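Trainee: Following this message is one structure expressed as structure tokens.
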Amino acid sequence: MGGAFDDRHVWVGAAAALAPDLTAATPGAGTGTAAPPPYRIEREVEDLDAIVRSVGGGAYVHGSSSGATLALLGASIGVAVRGLSVFEPPFRVPGARPVPDGYVDRLVEMTGRGRRGEAVSYFMTEVVGLSQETVEDVRRSSEWPDLEAMAHTLVHDATIMGDGAVPVELLSSLPLPVLVLDSSASPAWLRDAAAATAQALPDAWHRSLPGTFHNVAPQTLAAALVDFFLQPRAGTAEA
């Protein structure tokens, strides 16, 4: 389950790396016309449940960023998850950049008026915390049109995250093992959010993997998932 700007193609590399051991289903954000408002998280959970059922039930689930939050929510309300892994759910722990007031309303206004590029820039600078110079570099890249095409899904991302607080009550009730991952090159607040997530879970393993900003290589991710899902009590994870 992906986060902001993650369409299903983002996971092709990880799916290929998993293929010797596991079969992967790779949903993601759509680039087509946005569904009529209001957006509802319940529909996302129903989609996750349908995917799990389509592969026979009892699937392992991995979620990244806001997709991690969605995966945790789905598992908490009865989706048939056998094991769960989450990568850097972006909860707003101390030290994190505060989300701007009226953030969702601004995104709705921008995307509703067709100002998709402005919405992407707003998200990257005011929410992710990238510099304007970095965003301008991305704007000049070949990936920018794809980001604009998914701009409407930023509202979905924001809705999933809600107020951004660590959902301690939800996490404390999860009755299954959870692997919590972060990248060694991510900002401190994202790594702290991963640690806080693991601390709130009753049955969790926390690992830091070598990677880049809010990302790790497909082969690195796949190795960690196979190790955890197929040998969930192996002593390779940090407590």
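Trainee: On a 0 to 90° scale, report how tilted helix 66-76 is relative to the longest principal axis of the chain, with both axes built from alpha carbons and the result rounded to the nearest 10.
Mentor: 50
Trainee: Treating the angle as unsigned and between 0 and 90°, give the value, to the nearest 10°, between the Cα long axis of helix 218-230 and the longest Cα principal axis of the chain.
Mentor: With rounding to tens, the tilt is 40 degrees.
Trainee: Viscosity 0.890 mPa s, temperature 25 °C: what is the translational diffusion coefficient of the stretch 37-93 from Stokes-Einstein with a Kirkwood Rh over Cα pairs, rounded to a whole number of µm²/s? Display every interim value, and only then the final one.
Mentor: Working: Rh = 11.6 Å.
The diffusion coefficient I find is 212 µm²/s.
Trainee: Can you tally the net charge around ALA119? Count Lys and Arg as +1, Asp and Glu as -1, for every other residue whose Cβ sits under 10 Å from the Cβ of ALA119.
Mentor: Computed value for this residue: +1.
Trainee: Pairs of alpha-carbon atoms within less than 8 angstrom and 6+ residues apart define the contacts here; what relative contact order does the chain have, in percent?
Mentor: Relative contact order here is 23 percent.
Trainee: Per residue, how large is the accessible surface of the stretch 1-121? Use a 1.4 angstrom probe and give square angstrom.
Mentor: 50
Trainee: Quick one: Cα centre-to-centre distance for the stretch 65-128 and the stretch 156-218, in angstrom?
Mentor: Result: 13 Å between the Cα centres.
Trainee: Evaluate the relative contact order of the stretch 99-239 (contact order divided by residue number), counting alpha-carbon pairs under 8 angstrom at least 6 apart; express in whole percent.
Mentor: Result for the stretch 99-239 is 18 percent.
Trainee: For the stretch 1-136, calculate the relative contact order in percent as a whole number, restricting contacts to Cα pairs under 8 Å that are 6 or more residues apart.
Mentor: With pairs under 8 Å counted, the relative contact order is 20 percent.
Trainee: Also: With θ set to phi - 60° and the Karplus curve 6.51 cos²θ - 1.76 cosθ + 1.60, what are the ³J(HN,Hα) couplings of the stretch 81-89 in order, to the nearest whole Hz, using x for Gly and Pro?
Mentor: Working through the residues one at a time gives 9, 7, x, 9, 10, 9, 10, 6, x Hz.
Trainee: Report, in degrees rounded to the nearest 10, the 0 to 90 angle that the Cα long axis of helix 103-112 makes with the longest principal axis of the chain.
Mentor: 60
Trainee: Report the chymotrypsin sites (Phe, Trp or Tyr not before Pro) located in the stretch 177-236 that are in a DSSP loop and have at most 15 other Cβ atoms inside 10 Å of their Cβ, or state none.
Mentor: Answer in residue order: PHE213.
Trainee: If I compute solvent accessible area with a 1.4 Å probe over the protein chains, what percent of it on the chain is carbon and sulfur?
Mentor: Values: 6110 of 11570 Å².
Summing carbon and sulfur atoms, their accessible area is 53 percent of the total for the chain.
Trainee: Now, a different point. Determine the percent antiparallel among the DSSP beta bridges restricted to the chain, to the nearest 5.
Mentor: Details: 2 of 18 bridges.
Percent antiparallel among DSSP bridges in the chain is about 10.
Trainee: Order HIS9, HIS156 by their accessible area, 1.4 angstrom probe, all chains in place, largest first.
Mentor: Ranked list, largest accessible area first: HIS9, HIS156.
Trainee: Further question on the same structure: Residue by residue, what Karplus-based ³J(HN,Hα) values in Hz, rounded to whole numbers, does the stretch 128-141 have, using 6.51, -1.76 and 1.60 with θ = phi - 60° and x for Gly and Pro?
Mentor: Residue by residue, the stretch 128-141 yields 6, x, 6, 6, 4, 5, 5, 5, 5, 5, 5, 4, 7, 8 Hz.
Trainee: Moving to a separate point now. Would you tally the net charge around PRO98, using a Cβ to Cβ cut-off of less than 10 Å, leaving PRO98 out, and scoring K and R as +1, D and E as -1?
Mentor: Taking every Cβ under 10 Å from that of PRO98, the sum is 0.
Trainee: Strictly greater than 18 Å: what percent of every Cα pair in the stretch 69-173 meets that?
Mentor: 56
The values are calculated or read from the model by the stated rules, or taken from the named source; none is laboratory data. Because the structure is a prediction, the values reported are computed rather than measured. No Cβ is skipped: glycine too gets one built from the backbone with ideal geometry, and neighbour counts run over all protein chains shown. When the accessible area is computed, the model is the full protein with side chains, heavy atoms only, and any ligands, DNA or RNA have been set aside. Shrake-Rupley method; radii C 1.70, N 1.55, O 1.52, S 1.80 Å.
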